[in-house]
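The values are calculated or read from the model by the stated rules, or taken from the named source; none is laboratory data. Owing to the predicted nature of the structure, the values given are computational and were not obtained by experimental measurement. Neighbour counts are summed over all protein chains in view; Cβ atoms, including those assigned to glycine, are modelled from backbone coordinates with ideal geometry. We work out accessible area using only protein heavy atoms, side chains counted, and drop any ligands, DNA or RNA first. Shrake-Rupley method; radii C 1.70, N 1.55, O 1.52, S 1.80 Å.
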Amino acid sequence: MFNNVILIGRLTKDPEIKSIDEATKVCNFLLAVTRPFRNTAGEYDTDFIPISLWHATAVNASLYCEKGDLVCIK
């Protein structure tokens, strides 16, 4: 069995695509994920997870996603 992580959160800014060379594209952004439980003060904490997407996935994210969109990363 493999370990899986599924993160559901909102983009903190518009994804921007960068070219490393002619064929390699990369897209980096932060995903704001709210924890499903309250802390001791009764508030929900948010974690900011750095995400890197490569190649065609990076191109699609830069075309179809924008700041505030709810996305799922598996």
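Residues in the stretch 30-60 that are modelled with pLDDT under 95 and within 12 Å of Leu11 (Cα to Cα): 0 in all. Remark: pairs (first residue in the stretch 1-24, without any contact (Cβ under 8 Å) to a residue 60 or more places away in the chain; second residue open to solvent by 70 Å² or more (accessible area, probe 1.4 Å) and part of a loop (DSSP other than H, G, I, E, B); Cβ separation under 6 Å; 6+ apart in sequence or on different chains) = Lys13/Lys67; Asp14/Glu66; Asp14/Lys67.
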